[in-house]
Amino acid sequence: MFLVTGGAGFIGSNVVAALNEAGRTDVVVNDHLGSDQKWRNLAKRQIADFVQPKDLVNWLTGRKLEAVIHLGAISDTMATDGDAIVETNFGLSLKLLDWCTTFRTPFIYASSAATYSDGARGFDDDWSITSLRRLAPMNLYGWSKHLFDLALVDRFEKGENLPPRWAGLKFFNVFGPNEYHKGAMASVLARAFDQAKSGQAVRLFKSHRQGIGDGDQRRDFIFVDDAVAVVLWLLQTSGPSGIYNVGTGEARSFRDMIVAMFQALARQPNIEYIDMPMAIRDSYQYFTQSEVDNLRKAGYNAAFTPLEQAVKRYVTDYLDRPDRYR
């Protein structure tokens, strides 16, 4: 069986969907469902079991698994409960790492591009302990992910036991179906679609940095299918263990994304630029772009979906339909 933690979440439910589509129904989901319609992310899926996070350690007793895909986390970059974040994002990750080490089980986990902070030190996924120690995440979420990267790589460099294969994935700006429960943490496309569909203007931030136009703040947007393809490749390959950026390697602007959305709707762009709140103006990130050399060197050769094509697929296959779920 495969265990997918966070399997009812955004990326996790898309991993479950891809495994089902590949003929695998021996998939166990570990997650909280809550009361925000998150269950709909799994409504079309077949799974072997569903385990609450509080029960996971006991559930693992005596189990044999083909791999653990650890995507569960408190992923809100605005979260402030340090104890909850450390317990969930760091403590549980260590327990799963130890279990996979003991029972010789491949371990794939979600790190995050948030570990790179504002990008001042670049986005090179050199995962040596020396390089990792130079990073200084700006928020609790990024810090908790960084803590785990450091702990794992420290064990690696000391020659301590680890799972037979392991991989950390620094996801950049993933977007696509099943992100709707994320609220303010969902992509700008998902949050803006209903406004655009109803004829309202989509609001983007003005630029408060010289040389950068309004709406030209840039991110490495990657369609969720491409992120999931990397996970499936890691499950199938015997390539090297390591920490990898998962992005397209090309930064595109928020304006590019929203213009592509209007094009998918066959409408003229209707964008209004508003002042960025003072609370975030000094710390706002204007540019992210992954370096994907490590992933390519490891043998991953698949192309990434161009932004316009990905947005069109998201709009026509999901957002502009009565049933938006994969």
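Return yes or no: is Ser198 of a type in the set (Gly, Ala, Ser), surrounded by fewer than 22 Cβ atoms within 10 Å (Cβ to Cβ) and closer than 27 Å to Arg296 by Cβ?
Values: of a type in the set (Gly, Ala, Ser): yes; surrounded by fewer than 22 Cβ atoms within 10 Å (Cβ to Cβ): yes; closer than 27 Å to Arg296 by Cβ: no.
For Ser198, the condition - of a type in the set (Gly, Ala, Ser), surrounded by fewer than 22 Cβ atoms within 10 Å (Cβ to Cβ) and closer than 27 Å to Arg296 by Cβ - is not met.
Considering only residues that are of a type in the set (Ser, Thr, Tyr) and exposed (fewer than 15 other Cβ atoms within 10 Å of the Cβ), which ones fall in region 252-283? It would help to see each step written out before you state the result.
The first filter runs over region 252-283 and keeps only residues of a type in the set (Ser, Thr, Tyr), leaving 253, 273, 283.
Scanning region 252-283 gives a single hit, Ser283.
Filtering region 115-131 down to residues that are of a type outside the set (Phe, Trp, Tyr) and farther than 20 Å from Phe287 by Cα, which residue is surrounded by the fewest Cβ atoms within 10 Å (Cβ to Cβ)? Explain how you work it out, then say what you get.
Within region 115-131, the subset of a type outside the set (Phe, Trp, Tyr) is 115, 117-122, 124-126, 128-131.
Subset that is farther than 20 Å from Phe287 by Cα: 128-131.
Working: Ser128: 12, Ile129: 13, Thr130: 9, Ser131: 15.
Filtering first and then ranking leaves Thr130.
Somewhere in region 230-249, is a residue closer than 21 Å to Gln309 by Cβ, modelled with pLDDT of 95 or more and open to solvent by 40 Å² or more (accessible area, probe 1.4 Å)?
Yes: one or more hits.
Filtering region 89-100 down to residues that are touching a residue at least 24 places away in the same chain (Cβ under 8 Å) and open to solvent by 20 Å² or more (accessible area, probe 1.4 Å), which residue is nearest to His146 (Cα to Cα)? Before you say what the answer is, go through the steps one by one.
Going residue by residue through region 89-100, those that are touching a residue at least 24 places away in the same chain (Cβ under 8 Å) are 89-90, 92-97, 99-100.
Imposing the further condition that a residue be open to solvent by 20 Å² or more (accessible area, probe 1.4 Å) reduces the set to 90, 92, 94-95, 99.
Values: Phe90: 9, Leu92: 14, Leu94: 13, Lys95: 16, Trp99: 20 Å.
The residue in question is Phe90.
Based on what the data block shows, is Leu234 out of contact with any helix residue (DSSP H, G or I) (no Cβ under 9 Å at 6 or more places or on another chain), touching a residue at least 60 places away in the same chain (Cβ under 8 Å) and within 22 Å of Phe10 (Cα to Cα)? Reasoning before the result, please.
Details: out of contact with any helix residue (DSSP H, G or I) (no Cβ under 9 Å at 6 or more places or on another chain): yes; touching a residue at least 60 places away in the same chain (Cβ under 8 Å): yes; within 22 Å of Phe10 (Cα to Cα): yes.
Spelling it out, Leu234 is indeed out of contact with any helix residue (DSSP H, G or I) (no Cβ under 9 Å at 6 or more places or on another chain), touching a residue at least 60 places away in the same chain (Cβ under 8 Å) and within 22 Å of Phe10 (Cα to Cα).
Can you pull out the helices (runs of 4 or more DSSP H) entirely within region 89-207 that have at least 1 residues that are in contact with a helix residue (DSSP H, G or I) (Cβ under 7 Å, 6 or more places away or on another chain) and of a type outside the set (A, V, I, L, M)? Talk me through it step by step, then tell me what you get.
Details: elements: 92-102, 129-132, 140-157, 188-197.
Of the helices (runs of 4 or more DSSP H) lying wholly inside region 89-207, those with at least 1 residues that are in contact with a helix residue (DSSP H, G or I) (Cβ under 7 Å, 6 or more places away or on another chain) and of a type outside the set (A, V, I, L, M) span 92-102, 140-157, 188-197.
Are any residues in region 294-312 part of a helix (DSSP H, G or I), within 24 Å of Lys170 (Cβ to Cβ), open to solvent by 30 Å² or more (accessible area, probe 1.4 Å) and in contact (Cβ under 8 Å) with a residue 24 or more places away in the chain, and if so, which ones?
In the first step, residues of region 294-312 are kept if they are part of a helix (DSSP H, G or I); the result is 294-297, 307-312.
Adding the requirement that they be within 24 Å of Lys170 (Cβ to Cβ) leaves 294-297, 307, 309-311.
Those still in the list that are open to solvent by 30 Å² or more (accessible area, probe 1.4 Å) too: 294, 296-297, 309.
Matches in region 294-312: Asn294 only.
Consider region 137-165. How many of its residues are over 27 Å from Thr80 (Cβ atoms) and either crowded, with 23+ Cβ neighbours inside 10 Å or in contact with a His (Cβ under 8 Å, 6 or more places away or on another chain) (or both)?
So the answer is 1.
Looking at Ser290, is it open to solvent by less than 30 Å² (accessible area, probe 1.4 Å) and either without any contact (Cβ under 8 Å) to a residue 24 or more places away in the chain or not in a helix (DSSP H, G or I) (or both)? Spell out the reasoning first.
Values: open to solvent by less than 30 Å² (accessible area, probe 1.4 Å): yes; either without any contact (Cβ under 8 Å) to a residue 24 or more places away in the chain or not in a helix (DSSP H, G or I) (or both): yes.
In short, yes.
Could you list, in sequence order, the residues of region 31-83 that are in contact with a Lys or Arg (Cβ under 9 Å, 6 or more places away or on another chain) and among the β-branched types (Val, Ile, Thr)?
Scanning region 31-83 gives a single hit, Val57.
Among Ala186, Ala190, which is under 24 Å from the mean Cα position of the chain (by Cα), under 19 Å from Ala264 (Cα atoms) and of a type in the set (Gly, Ala, Ser)?
On the way: Ala186 fails: under 19 Å from Ala264 (Cα atoms).
The conditions single out Ala190.
Being in contact with a helix residue (DSSP H, G or I) (Cβ under 7 Å, 6 or more places away or on another chain) and of a type outside the set (Gly, Ala, Ser) is the filter; apply it to region 208-218 and report the residue that is surrounded by the fewest Cβ atoms within 10 Å (Cβ to Cβ). Full working, then the answer.
First, pick out the residues of region 208-218 that are in contact with a helix residue (DSSP H, G or I) (Cβ under 7 Å, 6 or more places away or on another chain): 208, 215-217.
Retained after the next criterion (residues that are of a type outside the set (Gly, Ala, Ser)): 208, 216-217.
Working: His208: 15, Asp216: 18, Gln217: 23.
This residue is His208.
Working carefully through the options Asn14, Asn58, find the one that is at pLDDT 95 or above and under 24 Å from Gly142 (Cβ atoms). Show your work before the answer.
Numbers: Asn58 fails: under 24 Å from Gly142 (Cβ atoms).
Going through Asn14, Asn58 in turn, the sole match is Asn14.
Yes or no: Phe193 within 30 Å of Thr101 (Cα to Cα), buried (at least 17 other Cβ atoms within 10 Å of the Cβ), in contact (Cβ under 8 Å) with a residue 24 or more places away in the chain and not polar (S, T, N, Q)? Can you show your working first?
Working: within 30 Å of Thr101 (Cα to Cα): no; buried (at least 17 other Cβ atoms within 10 Å of the Cβ): yes; in contact (Cβ under 8 Å) with a residue 24 or more places away in the chain: yes; not polar (S, T, N, Q): yes.
No, not satisfied.
From the list Ile212, Ile243, Ile258, Ile222, which one is in a helix (DSSP H, G or I) and hydrophobic (A, V, I, L, M, F, W, C)? It would help to see each step written out before you state the result.
Working: Ile212 fails: in a helix (DSSP H, G or I); Ile243 fails: in a helix (DSSP H, G or I); Ile222 fails: in a helix (DSSP H, G or I).
Going through Ile212, Ile243, Ile258, Ile222 in turn, just one is in a helix (DSSP H, G or I) and hydrophobic (A, V, I, L, M, F, W, C): Ile258.
The values are calculated or read from the model by the stated rules, or taken from the named source; none is laboratory data. Not measured: the values here are computed from a predicted model. Heads up, the Cβs are rebuilt from the backbone with ideal geometry, glycines too, and the neighbour counts pull from every protein chain shown. Heads up: the accessible areas ignore ligands, DNA and RNA and are worked out on the full protein's heavy atoms, side chains in. Shrake-Rupley method; radii C 1.70, N 1.55, O 1.52, S 1.80 Å.
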